[in-house]
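Data first, discussion second: the structure below is written as structure tokens.
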Amino acid sequence: MAGRSRFTPDQQPSEAAGLLPADYDLADLYGAQSGEEDPDDTAVVVPPIALPSDRELADAALAVPLISQVIALARWIAPHRAVDEHGDLVEEDRVRAARVLGVEDPDEDDVVEALRAWALACDLDLVETGTTDEGAHVAIPGPDLEAVESGDPAAVLGLWFEAAELVRELAAEAESVDPEVVEGSDSDDSEGLAEVEDARDQAAEILDEALHVLYETAAFAEPGAETVPLGVLAALLVVPDGAEPDEEMLGEITDLMVVLDPMLGDLAELGLVEHTPIDPDLFEEAEGDGGDGGDGGAGGAGAADGDGPLSDEDAARFGTVRLTPLGQYAVREWLLADGYDAPLIGDLADSDGPTLLRTLAENGQLFAEAELKAWVAAREPLAAARELLAGGRGRDVQSPVRRYWCVVGLGELGAEAAPAVEEVVDDDELGGLAREWLRARGADVDAAERGVALWRMIDSMSAVLLISAGEGGRLQALVADLPVTDNPASYFGEVWRVPHPMTAEILEIVGELHLDRKVAKEARRAAVKARSLRARR
């Protein structure tokens with residue numbers, strides 16, 4: 001159950017550099033990216049995730065072999081079974097326990113595995129041990145066994161999460177133990193024990209950081225693309241944001257991969273992660289090549305000459321990991337316990353339309369589409385459309401963003417939203433978007449009048465400006481596509497009078513971004529007039 005370190009007493013992590021090809025280019029070896037990510041991808045510290053229902057999570061937990069084993073052992077001992085003074089199975093029952101777990105002819109390793117499952121069952125109180133009035137040591141099923149066996153989601157997830165906490169703690173503890181320190185220590189060797197404790201804390205911190213990264217990776221990844229090469233995970237922990245890894249960092253990445261690998265293997269036993277371990281043959285191959293990794297051929301990593309990019313099959317030899325839905329559930333609980341705000345997609349499903357759009361405009365832009373889908377799925381389309389349109393009203397600074405997400409939500413509803421949209425075609429704030437939306441779907445609706453169309457143009461550009469903070473090419477494209485006539489002074493003479501709260505700001509943006517100097521100059525002049533008009537109002 002605890003982690004098994006790959007390091008031997010004479011091979012500590014600091015000596016592992018070169019056992020894996022740290023001298024490969026990071027992007028070629030792991031497919032990692034640095035400095036090129038979308039800036040929005042770093043905007044949310046703990047992004048919202050979508051979790052299956054408690055019922056589905058509980059079913060996944062019951063399907064974990066280790067969990068099914070502890071349940072089987074707890075049922076097997078009913079109504080009671082003799083144990084020794086330490087609560088361990090007596091000698092004659094150990095082989096029987098292995099048979100209970102499905103091994104017909106158990107060997108020594110099978111018995112050891114059965115004892116590990118027994119220890120976990122006791123740790124989780126699924127098995128309780130005690131002494132009878134006659135002084136005999138016995139074990140009985142714990143009080144939660146029936147609820148767990150019946151599949152009660154709360155009982156199953158409670159049991160599984162307690163097991164996850166134990167496994168996480170023991171994985172870090174096993175990875176940190178230096179046999180030389182432990183075996184060479186006596187009860188008075190406080191310095192050696194302090195070293196072990198510090199190493200355990202450091203391993204636990206590394207594991208927690210890795211799980212946090214996997215959590216965010218799963219949140220941002222497209223479905224089916226959540227698997228992370230172990231080298232990428234290590235690089236994300238080692239390389240500062242926006243930096244390119246240097247030689248020293250590549251060595252640290254290799255060391256960290258070797259440290260993480262067995263800990264992730266332990267978590268995989270409980271279904272927190274899906275983990276492909278580092279191919280142990282890499283170590284032998286590296287030693288066969290001299291083990292210095294200095295010429296790009298360390299470990300025969302799959303590139304024939306060590307210079308080209310690796311195939312998917314060869315790259316997988318360096319290990320991969322994916323946080324499962326159960327793992328996401330556990331990591332979220334740990335983040336919440338540490339004081340993080342770790343929202344779930346669908347948290348706004350019970351909100352009304354105005355509250356939904358206001359929340360998305362303020363802090364939910366990155367995952368707004370997923371939140372909108374969850375929200376509309378829980379409502380009757382026509383009523384949902386009316387709520388969204390009500391939330392889109394207003395002339396405050398955030399109102400353009402609310403209208404932007406209103407249109408996205410209407411798109412999720414489709415044609416069934418049309419009657420509600422038709423009701424607002426003459427609305428001062430919603431009429432422009434309503435006519436656009438209906439005409440785009442083939443409805444026989446007149447185009448917006450000139451003043452309404454200009455207001456809608458300012459509103460649309462304002463939404464993009466606020467959502468993107470002016471970054472990216474989308475705003476530039478909108479500026480370039482403005483229907484400016486051969487007489488820009490006349491065009492902007494109309495625009496600066498538009499009574500929109502962001503008219504001046506949009507004109508300033510046009511003055512900064514438009515490639516035609518004459519157009520840009522007239523836009524800047526119009527911006528000054530718009531500010532003056534707003535001040536008078």
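Between the alpha-carbon centres of region 334-395 and region 204-243 there is a gap of 27 Å.
Considering amide H positions built from the backbone, and no H for Pro or chain starts, which residues 5 or more places from Glu128, or on another chain, come under 5 Å of its amide H? Under 5 Å from the amide H of Glu128 lie the amide H atoms of Ile140, Gly142, each far enough along the sequence or on another chain. Backbone phi angles across region 378-395, fed through the Karplus curve with coefficients 6.51, -1.76 and 1.60 (θ = phi - 60°), yield HN-Hα couplings of 9, 9, 6, x, 5, 5, 4, 4, 5, 5, 5, 5, 5, x, x, 6, x, 10 Hz in residue order; Gly and Pro are listed as x. Around the amide H of Ile345, modelled in the peptide plane, lie the amide H atoms of Ile49, Ala50, Leu51, all under 5 Å away and 5 or more residues distant in sequence or on another chain. Listed peptides 221-229, 255-263 appear in the order 255-263, 221-229 once ranked by packing, highest mean of other Cβ atoms within 10 Å at the front. When the charge dipole of region 54-151 is built from unit charges on Cβ atoms (+1 for Lys and Arg, -1 for Asp and Glu) and taken about the Cα centre, the candidate among Ala147, Thr129, Leu101 whose Cα reaches farthest toward its positive end is Ala147. For region 54-151, the relative contact order is 36 percent, taking Cα pairs closer than 8 Å that sit 6 or more residues apart in sequence and dividing their mean separation by the residue count.
Based on the alpha carbons, how large is the Rg to Rh ratio for region 54-151 when Rh follows Kirkwood? Please report the intermediate quantities before stating the final value.
On the way: Rg = 13.6 Å, Rh = 13.8 Å.
Radius of gyration relative to Kirkwood radius: 0.99.
From the Cα gyration tensor of region 434-537, with a ≥ b ≥ c the square roots of its eigenvalues, which class applies: rounded if a/c is under 1.5, or else prolate if a/b is larger than b/c, or else oblate? It is prolate, given that a/c is not under 1.5 and a/b is the larger ratio. Computed over region 359-483, relative contact order equals 22 percent, with contacts defined as Cα pairs under 8 Å that lie 6+ residues apart.
Of the residues Gly251, Leu207, Ala221, the one whose Cα sits farthest towards the positive end of the charge dipole of region 203-263 is Ala221 (charges of +1 on Lys and Arg Cβ, -1 on Asp and Glu Cβ, taken about the Cα centre). For region 54-151, the dipole from Cβ point charges (+1 on Lys and Arg, -1 on Asp and Glu) about the Cα centre works out to 260 debye, to the nearest 20.
Rule-based calculations on the coordinates, nothing more; no lab input. Computed from a predicted model, the values in this text were never measured in an experiment. Because the Cβ atoms are built from the backbone with ideal geometry, glycine has one as well, and the counts that use them run over all protein chains shown.
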